[in-house]
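First the structure, in the form of C-alpha cells, and then the observations on it.
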Amino acid sequence: MILKNLEYLNHDVLGVTFGMKDVYKDDLQANMKLGKPLFDVAKQKDVDFPTGEVNQNGKAIFIKQNVAIQFKNFKKKDEMYFLDGPVRFKVTNLKTKESRTGRFGVYYQKGFNMDEMHKMMNDKIIYKHSRVGDKEFDHIYYLNDQPGPLTKQKESEGEKEQKEITHKDLFDPKNNQPIAGTNPTEGIDTDYRVVKRSFQLKDLARQISTDIPTLDFSQESKEDMLRKILQGEKVVTKFTNQVTGEQEDISLVLNKKAAISYYDKKGEEIRINVKEATLTNIGQQFAKAEDIKNENRPAGTTQRA
C-alpha cells in the first residue's frame, strides 16, 4: 500500500469533493493493505432531514431517515488505486420504510457534496452557476421521477435499436407488482439518475416580471430575490385578490422546468391571473433598509422555509 495514495483518496477525493474526509479512511486502508484489485466501501446512519417546512407552532419539520452511502469501484492499476464510481446513495424513511437509491457518477456529478446529493434524494433542486472563459452557464439538477433511464437491445427489422426501460414499463402502477412477461430482476437497474437542465437567468426574471407586472424595485433587489429562490429558499409574500379584496400568502418556488411555480398557503399550486390578483408591496421587502422610510414593514415579507 502506498501511503500517499491513501491520503489522496481520503483527503482530495472523499474529503474535498464529497465532504467525507476520514469517514471511510479505515475501510480504504484495510482493503488497500490486502491488495484487492477492486473493492467498495459503505457506511450508513440515521439522520433527521429538514423538509424546509414548519408546523403550526412555527417549528421546523424533519423526516427521520436512514442514509446508506456506498462508494463503488475503487480500482487498482499498477500499485495505485482510483475511484471509478458511481456513488450509490440510499435513503429509507424510517416511518414508512419506503426507500430508493440514487446513482451519482463521480465525474459527471461535477462536485455535488453529500448535502446536495441528500437534498436531491428528497426531491430538492440544486442550482449551479459556472463560467468557462468569458461565458457563463446556469443549470439545475434533480433526481429523475423514475428509475433509469435504462437501455435494452431490441431486434427490429434486422437492426438493433435502443429502447429506454423505466419502472413504469416493468411494474403495474395499480399494485406496483411486476407486469406479466417482464423480469425486473434480470439486468434491470432500479437506481434513480440525476437530470441536468440548462437555462438562462434572464428568462427566469422575465417570467416573474410577466406573471407579476406590478413588480417595481431595483435590479439589485430583483437579483437578490432570484438568488434566494435558486438557493432553494421559499420566497413568501402577500397579494391582494381583487375579487375578494382579501390578502393571501403566495410562495414562489423554483420547479424542475427551471421556471417559477406559485403556491397558496395550503401548499396547492396556483396560476397567477393578473386580471384578478395583484401582488402588493413585493418590492420593499428586498429594498435596502435605508431606502425604507416607513418603520412599519410592508405586507409582503420573505422567509426561509
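Can you tell me which residue is modelled with the lowest pLDDT among those in the stretch 236-275 that are basic (Lys, Arg) and exposed (fewer than 13 other Cβ atoms within 10 Å of the Cβ)? Once the filter is applied, the top-ranked residue is Lys275.
Number of residues in the stretch 41-79 that are loosely packed, with under 13 Cβ neighbours inside 10 Å, more than 22 Å from the chain's Cα centre (by Cα), of a type outside the set (Lys, Arg) and farther than 30 Å from Val236 by Cα equals 2.
Out of the residues in the stretch 1-33 that are free of Cβ contacts under 8 Å to residues at least 24 places away in the same chain and β-branched (Val, Ile, Thr), which is surrounded by the fewest Cβ atoms within 10 Å (Cβ to Cβ)?
Here is the first cut: in the stretch 1-33, the ones free of Cβ contacts under 8 Å to residues at least 24 places away in the same chain are 3-4, 7-8, 10-12, 15-16, 21-23, 25-27, 30.
Remaining after also requiring β-branched (Val, Ile, Thr): 16, 23.
On the way: Val16: 12, Val23: 19.
Among them, the one singled out is Val16.
Is it true that Glu155 is at pLDDT below 75, under 24 Å from Val106 (Cα atoms) and in a strand (DSSP E or B)? Before the answer, list the steps.
Working: at pLDDT below 75: yes; under 24 Å from Val106 (Cα atoms): no; in a strand (DSSP E or B): yes.
Here the answer is no, as Glu155 does not meet what is asked.
Take the conditions (1) of a type in the set (Gly, Ala, Ser); (2) assigned to a loop (DSSP other than H, G, I, E, B); (3) modelled with pLDDT under 75; Ser221 misses just one of them, which is (2). Step by step: first the residues of the stretch 183-204, then only those that are surrounded by 14 or more Cβ atoms within 10 Å (Cβ to Cβ) and not in a strand (DSSP E or B), then the one that is modelled with the lowest pLDDT. Which residue is that? Once the filter is applied, the top-ranked residue is Pro184.
Residues in the stretch 1-21 that are more than 14 Å from Ile69 (Cα to Cα) and assigned to a loop (DSSP other than H, G, I, E, B): Met1, Ile2.
The values are calculated or read from the model by the stated rules, or taken from the named source; none is laboratory data. Source: prediction; values computed, not measured. Neighbour counts are summed over all protein chains in view; Cβ atoms, including those assigned to glycine, are modelled from backbone coordinates with ideal geometry.
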